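The values are calculated or read from the model by the stated rules, or taken from the named source; none is laboratory data. Bear in mind that the values here come from a model prediction, so they are computed numbers and not experimental data. When we count neighbours, we look across all protein chains shown, and the Cβ atoms used for this are built from the backbone with ideal geometry, even at glycine. Accessible surface areas use protein heavy atoms only, side chains included; no ligands, DNA or RNA. Shrake-Rupley method; radii C 1.70, N 1.55, O 1.52, S 1.80 Å.
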Amino acid sequence: MRAQSSATTSTRIAVGTPAPDNTSAGTPSPGRSAPGSAAGPAQAALGVVAFSLTFPATVWGLEGFGPWALVSVRSVLAALIAGGALLAMGVPPRERSRAWGRVPLPARRHRPGLAVVAAGVVLGFPLLTTLALRTSTTAHAAVVVGLLPLTTALLSALRVGARPSRTFWAAALAGAAAVVAFTVQQSGGALTTADLYLFGALLVCAAGYTEGGRLARELPGWQVIGWALVLCLPLTVPVAAVALVHQPPHLGVHSVAGLLWVAAGSQFLGLVVWYRGMAAIGIPKASQLQLAQPLLTLVWSVLLLGEHLTPAAPLTAAAVLVCIAVTQRARG
């Protein structure tokens, strides 16, 4: 059936200290916005818009692909795009030592974080949400995944020592409470198998966002997701081959359009601007922009899937937007 996707100035809620070899004093590291620039919030917001289309696009993709085929093929296509970018957009040859194509290979210290990004946002979140969307409506899935900002903020506080203010946490918890209330009202208070998939997706995606945001302080955001996608190719290529044999696709306009969007828009381009935005404004504040994602997904569900919104949706939208405004003004 359906479900959905779930995704300012320099902040003191830092993801980590930029590596000294990537930037000189007073110079933004690669992939980061200059202090005081509005590019960081804009990039994070573009990422949220891209992610808000993921669930409707997944529903379209499921019209012609099985869940395992859809997830593995989208990852392979996104990795091909990322690989092309790594080949074409690297540093000049005279400035590299070890390189794959024209982009230096990730440093050893970056590889564990890239593995977490790969497990969370390349493999775990797409698979778990796709499995959930077979039986869950897009509206229900969207509001459950609306808990992602709070989950990301909590993990970032544990992982990288972020210390948001009490006002920040109060607004974040209020936004999460609004999302939970909406979810309970829609589902009648009963958890389903799809909900378990979605809660699992929240955890792995939040971990991937946290590590990706931390790495984007030292690497350009497009390289963070690019390397994570390429590193998954030894797994995703054989899985795609097997899945396509056992789940033969039935191509149509919707299924092809959905596959192309989740591969190029959600899996690569959206994550590029999202990680750049997180590096510029900090993980907790960037994650709160995602409180708008479920509501955007509801709009796309009406426009693209013909779903009908319940009366509770506008009230939830208003509450969430107020929370976003408060978190963006709160100091860490």
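What the table shows:
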{"item": "Two-site FRET efficiency, residue 165 against residue 322, from Cβ-Cβ distance with R₀ of 25 Å, rounded to 0.05", "result": "0.90"}
{"item": "Accessible area in square angstrom per residue, region 214-330, 1.4 angstrom probe", "result": "39 Å²"}
{"item": "Residue-span extension gain [residue 260 to residue 87] - 0.36 nm each, minus C-alpha spacing", "result": "60.2 nm"}
{"item": "Karplus-derived HN-Hα couplings along region 55-68 (A = 6.51, B = -1.76, C = 1.60, θ = phi - 60°), whole Hz, x at Gly and Pro", "result": "5, x, 5, 5, 4, 4, x, 5, 5, x, 10, x, x, 5"}
{"item": "DSSP-loop trypsin sites (Lys or Arg not before Pro) across region 265-332, with at most 11 other Cβ within 10 angstrom", "result": "331"}
{"item": "Label-point separation, residue 111 to residue 193 (7 Å along Cα→Cβ), nm", "result": "3.8 nm"}
{"item": "With every protein chain in place, region 206-256: carbon and sulfur % of accessible area (1.4 Å)", "result": "77 percent"}
{"item": "Percent carbon-and-sulfur accessible area, region 134-188, ignoring ligands, DNA and RNA, probe 1.4 Å", "result": "63 percent"}
{"item": "Global form of region 144-192, assessed from the alpha-carbon gyration tensor, a/c cut-off 1.5", "result": "oblate"}
{"item": "For region 176-208 and region 252-314, distance of Cα centres in Å", "result": "16 Å"}
{"item": "Gain in span if fully extended, residue 309 to residue 135, counting 0.36 nm per residue against the direct Cα distance", "result": "60.8 nm"}
{"item": "For residue 192, residues with placed amide H under 5 Å, excluding near neighbours", "result": "none"}
